[in-house]
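Asks: I have a structure here, written as structure tokens, and I will follow up with some questions on it.
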């Protein structure tokens, strides 16, 4: 005879909202109760209970369950509240939990979301799955239309809820329109003015509209100097424009100027976060598509090319060192300074390239300012290299008082000049390469990874041996 563990009544189970990354002990009982209910197949009472929970709490619960149980529970949830739960889930959890669900279940969930949230979720799926889902969502016009745009473009992330009115509309009528659409459009910062064919011809800020006389037409108070982006504009370019022009929202237009949508402040924040995460991965020598739940094969495919590129750079540096075998045999002490030189070259290059990438990303680096910026980087690197070189030279001379060194003065001179030249050259390369990559259409963040490190290692070793041969062994 077998006995089953008692399953608590749903009304007695509650969840306390947890801070980020900080599980609370008082939720342990609720977690165990839900696990027991899933294991016992108590679907109906469990679903009824979770319907009364806040979607954020349900999301936290799902992420605390074992993956198998979380998938099962998620499949039990009906369209509501699972629609809201999906919207709350972080991308990495969302892709894991939904991995084994059917396309039809996905379709029902996505069709019930706001188009902005639905398109964002679609971007988390593999391309083949996303295309299949978009095909099933053709009847949901907003999702189907934006799904046709390429990833990371303004058309893919734009909101299609906005207030657009004709030029002859009065301020009083415009305010009434905003009130009528308040439930559909959460926040309105700008009213767009269009002509009879739907082309964007001007904008009116809400504050200016509220202060205008009631019978004033929008055509008289609108700003005709409209700044807009096309639907195929890269989202990073949209972010740069918004920052440069201090725009809270950015209108999106078609090729012939028809208003299609707008990039909201919330979406600009998301773009900034996405681009920062992408740059961080590229700087670390990891593919921008890398995810925490990647398979082993995908991890290898995303990282191996970068590692092999680093291997090529290290091999070239080793070849340079090997070509000076005779000099190393003549003065083995030189080998002790190779890591010092390579480290200084790498650090100086990374510092300069990081500043250059930040300037490009924020739009602070203007074309007319490039030469002045490079000159400043060179002068700063020259000063830093001189200070580091003097310190290293002094350390060599102090060491010669304890350890017998041949010609310590010449060794100090050679190492000091090496650091001076290496630091200056590495900073110049680090500051200029991201700008060059940006001009040819390549993400400048790629420069901070393997390329800068490897190239500066090679240059650093080469310069070091040239200085050592000239001033120490010459």
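Asks: Just one of (1) farther than 24 Å from residue 327 by Cβ; (2) touching a residue at least 40 places away in the same chain (Cβ under 8 Å) trips up residue 440, so point out which.
Replies: Condition not satisfied by residue 440: (2).
Asks: Does residue 212 meet the test of being more than 28 Å from residue 358 (Cβ to Cβ) and modelled with pLDDT of 85 or more?
Replies: Criteria met by residue 212.
Asks: On to the next question. Just need a number here: residues in region 185-225 that are in a strand (DSSP E or B), surrounded by fewer than 16 Cβ atoms within 10 Å (Cβ to Cβ) and in contact (Cβ under 8 Å) with a residue 24 or more places away in the chain.
Replies: Here the count works out to 1.
Asks: Now for a different question. Which helices (runs of 4 or more DSSP H) sit wholly inside region 264-330 and have at least 3 residues that are modelled with pLDDT of 75 or more, surrounded by 16 or more Cβ atoms within 10 Å (Cβ to Cβ) and assigned by TED's automatic domain parsing to the domain that holds residue 438?
Replies: 296-323
Asks: Looking at region 240-257, is at least one residue modelled with pLDDT of 80 or more, buried (at least 17 other Cβ atoms within 10 Å of the Cβ) and closer than 17 Å to residue 151 by Cβ?
Replies: yes
Asks: Then there is this: With the structure loaded, tell me whether residue 459 is crowded, with 21+ Cβ neighbours inside 10 Å and assigned to a helix (DSSP H, G or I) or whether it fails that test.
Replies: Taking the combined requirement at face value, the residue satisfies it.
Asks: Picking from 407, 381, 427, which residue would you name as being over 40 Å from the mean Cα position of the chain (by Cα) and under 24 Å from residue 465 (Cα atoms)? I'd like the intermediate steps shown before the answer.
Replies: Values: 381 fails: over 40 Å from the mean Cα position of the chain (by Cα); 427 fails: over 40 Å from the mean Cα position of the chain (by Cα).
Matching residue, one of 407, 381, 427: 407.
Asks: Have a look at 57, 36, 48 and point out the one that is assigned to a helix (DSSP H, G or I) and either buried (at least 17 other Cβ atoms within 10 Å of the Cβ) or modelled with pLDDT under 75 (or both).
Replies: On the way: 36 fails: either buried (at least 17 other Cβ atoms within 10 Å of the Cβ) or modelled with pLDDT under 75 (or both); 48 fails: either buried (at least 17 other Cβ atoms within 10 Å of the Cβ) or modelled with pLDDT under 75 (or both).
Step by step, each of 57, 36, 48 is checked, and only 57 is assigned to a helix (DSSP H, G or I) and either buried (at least 17 other Cβ atoms within 10 Å of the Cβ) or modelled with pLDDT under 75 (or both).
Asks: Then there's this: Just checking, does region 408-431 include any residue being modelled with pLDDT under 85, closer than 20 Å to residue 305 by Cβ, part of a helix (DSSP H, G or I) and in contact with a helix residue (DSSP H, G or I) (Cβ under 8 Å, 6 or more places away or on another chain)?
Replies: no
Asks: Quick one: in region 146-184, which of the residues that are in a helix (DSSP H, G or I) and surrounded by fewer than 18 Cβ atoms within 10 Å (Cβ to Cβ) is modelled with the lowest pLDDT?
Replies: Filtering region 146-184 for residues that are in a helix (DSSP H, G or I) and surrounded by fewer than 18 Cβ atoms within 10 Å (Cβ to Cβ), the one modelled with the lowest pLDDT comes out as 180.
The values are calculated or read from the model by the stated rules, or taken from the named source; none is laboratory data. As the structure is a computational prediction, the values presented were derived from the model and not from experiment. When we count neighbours, we look across all protein chains shown, and the Cβ atoms used for this are built from the backbone with ideal geometry, even at glycine.
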